[in-house]
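Heads up, the thing below is written out as structure tokens.
The values are calculated or read from the model by the stated rules, or taken from the named source; none is laboratory data. Keep in mind it's a predicted model, so treat the numbers as computed, not measured. With ideal geometry, Cβ positions are generated from the backbone for all residues, glycine too; neighbour counts draw on all protein chains shown.
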Amino acid sequence: MVLLLCKFRVSTAIFCASSTSRLHDIVEFACGNWDALNPETISFTYELPDDSDSQENDSTIEWSSGPQDGADILLKYCHHEQKILLTASWVQAIREVRQSFEGGVNEFRRALKMYSMEVSFEYDLVKNTKERVIAIFKRRNTNNCMWRVYATLQKINGYFYIRTLNNVHMCGAAVRTTKNSWMSSELVASLIRNKMRDKPLTRPTDIVYDFKVNYGLDITYHHAWWGVERAKNELFGHQSLSFDLLRWYKEETEKTNPRSIIEIDYDSNTGRFKRVFVSFYACIYRFWYCRLMLFLDGTFILERKIQRQPTHRNRERWGSR
């Protein structure tokens, strides 16, 4: 994902370009933001650092007779293959009016955080309730940026819908940072839920490293630890409450399955759970009618370590002696 800074007169807008973006998309974006532009006569001037002396190299692209639709104007600038982070799709978290969020207000708030992290801008919540959320650009008055999103709850299905959206940033370009004030343990838990399901013993230090390498974000150990705990509780339930249910299970089993054996073993000093033994009476009862069998176990011993036992022929020969 590449952010293109588009300037016209005194205003600026940001175009999010991806590997599938075309020059035609940039033309539509520019003409949609500025009514004075004509798609038939528009031309673009872009600036890139020069390879040799690091000076700005000005070039002009004429739309009417310009390059092919798939021309990459950043080909000269990119000297290596850039790693695609897992946050690349976050730029589409907030994208259009009537966009739905099945998880309600919590999913919308999470999408808003992810979008702000990837686009690198800060916002304020003018209205923040379970039924209505209004977010605006934080430095709206000083930067004259009218970015705004308004979403409400649809009570029929419980979904959250974007009602109005001004997704044009007039504040200029921003540099993506590895730290963000909107990072929270709740967001970490939502991102690592699948990882915790496959690897329940994942440590907080592993999460910190994973976010650094795959997401390009620096998170604190505090956020990682609480994120792991939240994910575990959501997937497997609260640990202490789960062990406490063993006592209830023992009592109910003894009531409904008399003569069953259930033993809970724990450390008498610390009270820490160690093991549990369960044997239902039906299983014990069936063993009473099983035929008794005697099993013999054996092992292999090297002949050179024991005295060779005499065979039947050797016994007769040794007996004659």
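Tabulated values for the structure
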quantity	calculated
Condition broken by residue 207, with the remaining ones in (1) touching a residue at least 40 places away in the same chain (Cβ under 8 Å); (2) part of a helix (DSSP H, G or I); (3) touching a helix residue (DSSP H, G or I) at 6+ places or on another chain (Cβ under 6 Å) satisfied	(1)
Lone unmet requirement of (1) surrounded by 17 or more Cβ atoms within 10 Å (Cβ to Cβ); (2) among the charged types (D, E, K, R); (3) in a loop (DSSP other than H, G, I, E, B) for residue 232	(3)
Residue in the stretch 255-271 that is part of a helix (DSSP H, G or I) and at pLDDT 90 or above present	yes
Number of the condition not met by residue 5 [criteria: (1) free of Cβ contacts under 8 Å to residues at least 12 places away in the same chain; (2) touching a strand residue (DSSP E or B) at 6+ places or on another chain (Cβ under 8 Å)]	(1)
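Listed here are the residues, each with its yes/no results for (1) in contact with a Leu (Cβ under 8 Å, 6 or more places away or on another chain); (2) surrounded by 12 or more Cβ atoms within 10 Å (Cβ to Cβ); (3) modelled with pLDDT under 70.
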residue	(1), (2), (3)
6	no, yes, no
10	no, no, yes
19	no, no, no
24	no, yes, no
34	no, yes, no
39	no, yes, no
48	yes, yes, yes
54	no, no, yes
